[in-house]
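Asker: Let me give you the structure first, and then I'll get to my questions.
The values are calculated or read from the model by the stated rules, or taken from the named source; none is laboratory data. None of the values given here were measured: they were computed from a predicted structure. Here the Cβ positions follow ideal geometry from the backbone for every residue, glycine too, while neighbour counts run over all protein chains shown. What goes into the accessible areas is simple: the full protein's heavy atoms, side chains included, and nothing from ligands, DNA or RNA. Shrake-Rupley method; radii C 1.70, N 1.55, O 1.52, S 1.80 Å.
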Amino acid sequence: MFLSSLLLLASCGSKGHDEAKEDEHGHEDHAGEIVMTKHQLGEAHVMTSVVNASDFANVIKVGGQIVSSQNDEQTVVATSDGIVQFANRQLTEGATIVAGQQLATVSSRNLQSGDPVAKAKAAYLAAQSQLERAKELVADKIISQKAYEQAKLDYEQALAAWRGLESTASKGGVVIASPRAGYVKNILVRQGDYVNIGTPILTLTSNRRLQLRADVPQQYVSLLSSVSGANFRIPGDDMLYRLSEMNGRVESYARSLADGSAFAPVIMSMDNVGALLPGAYADVYLLINDGKPCISLPTSAITEEQGLYFVYVAEPDEPGVFVKREVSIGRDNGERMEITSGLKSGETVVTQGAMQVRLASMSGSVPEGHSHSH
């Protein structure tokens, strides 16, 4: 709608030849001006801001990756030897899991080693019988106190083993249940695999807390102690994520390079405030406060044409009148860009709607009544 109104103004043919010449003459000394009405400014949501030198976080732009926080993951292991049977054959990576949910069973009933549940129960009952017998024998001083204490120890161990399996025993074998709510990150065994006690079966994650790993080239290693935070983008996603808005913090950084590596990792933790997925790669802007004030602008204020960068400067005391100006840029923290030349403190620049002002300049339209008698 905005561009159509500009083209309509440009194509208005009600003026006479002499009037058109007068307008042309009036533009001779102001060929670079872009004029927009109050209505057009509102429709395009154009906003301006006075530029001044201020602190700017120096930036190291590096590659990185989103990874799961160690405290946010838990590996579920087999609690018995046997064959794995998943409770849900449709269990896949990414599936939602609730605390206490049955994930699998491990059974040894058809194996030569026998059912561990049945064996544990038999050992418990035998130890219980031996202890009862030992009580009678020690009372009659037929066996020594030491032999009785050994029978008691054997019973307590057998009881502990039986209780450990009894609570998870089922007709299908020993039940493996989820210790927490979350999502299946990966499945580490296949249906029907044989596992031993302690074999990892799958990994759970809650995705509530994530880590951002930034791989920093060795020439910047001396600056890592000054890293105060980071901004980052996921390729294909225009959103800029700010660590400061995600309950984030720098956890650690490497003091040296690993053998054979030219990069040092910086590890940051953060809340998963959106749909961030572990494993996703990221463009990371590490922020380093160097205490050097400079003029900087939001990235939305800067347009690019054939490798050159431009901003739109508001004319003093002339609302809606702008001049396109080439600038040179320096550091980029993903949110703002340093302006190294082309602007000075005190000037007013379009910070939102710069692309709409550019379209207005391309239309070459000037509303009636605009005066150039400065």
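Asker: Give me the extension gain from ALA95 to THR199: residue separation times 0.36 nm, minus the current Cα-Cα distance, reported in nm with one decimal.
Answerer: The span from ALA95 to THR199 would gain 35.3 nm if fully extended.
Asker: Turning to a different aspect of this structure: In terms of solvent-accessible area of protein heavy atoms at a 1.4 angstrom probe, what is the ranking of ASP259, ASP215, highest value first?
Answerer: Order by accessible area, largest first: ASP259, ASP215.
Asker: Compare the Cα positions of GLY320, ALA258, MET270 along the charge dipole of the range 202-343 (+1 at Cβ of Lys, Arg; -1 at Cβ of Asp, Glu; about the Cα centre) and return the one farthest towards the positive end.
Answerer: Sorting the options by dipole projection puts first ALA258.
Asker: Going by accessible area, probe 1.4 Å, with all protein chains left in place, what is the ranking of THR199, THR340, largest first?
Answerer: Sorted descending by solvent-accessible area, the residues read THR340, THR199.
Asker: Another question about this same structure. Sum up the charges of everything whose Cβ sits under 15 Å from the Cβ of THR199, counting Lys and Arg as +1 and Asp and Glu as -1, but leave THR199 out.
Answerer: -1
Asker: Hey, can you find the accessible area per residue of the range 188-232 for me, probe 1.4 Å, expressed in square angstrom?
Answerer: Averaged over the residues of the range 188-232, the accessible area is 48 Å².
Asker: About the Cα centre of the range 76-221, how large is the charge dipole given +1 on each Lys and Arg Cβ and -1 on each Asp and Glu Cβ? Please answer in debye to the nearest 20.
Answerer: Around 340 debye, computed over the range 76-221.
Asker: Something else now. List the residues whose amide H sits under 5 Å from the amide H of GLY330, counting only those 5 or more places along or on another chain, with H placed 1.01 Å from N in the peptide plane.
Answerer: Under 5 Å from the amide H of GLY330: GLU338, ILE339, THR340.
Asker: Moving on. Of the heavy-atom accessible surface of the range 228-289 (probe 1.4 angstrom), what whole percent is carbon and sulfur?
Answerer: C and S atoms contribute 49 percent here.
Asker: LYS185's amide H: which non-local residues (gap 5+, or another chain) put their own amide H closer than 5 Å, with H modeled 1.01 Å from N in plane and none for Pro or chain starts?
Answerer: Those lying under 5 Å, H to H, from LYS185 are GLY94, THR203, LEU204, THR205.
Asker: Now for a different question. First measure r as the distance between the Cβ atoms of ALA275 and SER244, then evaluate 1/(1 + (r/R0)^6) with R0 = 22 Å and state the FRET efficiency to the nearest 0.05.
Answerer: 0.65
Asker: In nm, to one decimal, how far is the modelled label at ASN71 from the one at SER328, with both set 7 Å along Cα→Cβ?
Answerer: Result for the modelled spin labels: 4.7 nm.
Asker: Given H placed 1.01 Å from N in the peptide plane, which residues other than close sequence neighbours of SER80 have an amide H under 5 Å from its amide H?
Answerer: GLY198
Asker: Over the heavy atoms of GLU132, what accessible area does a 1.4 Å probe trace out, to the nearest 10 Å²?
Answerer: About 100 Å², ignoring ligands and nucleic acids.
Asker: Starting from the 7 Å offset along Cα-to-Cβ, what nm value, one decimal, do you get for the label separation of MET362 and GLU304?
Answerer: Output for this residue pair reads 1.7 nm.
Asker: Now for a different question. Listed here are the pairs LYS121/LYS171; LYS121/LYS141; LYS119/LYS171; LYS38/LYS324; which of them are more than 24 Å apart at the Cα?
Answerer: LYS121/LYS141
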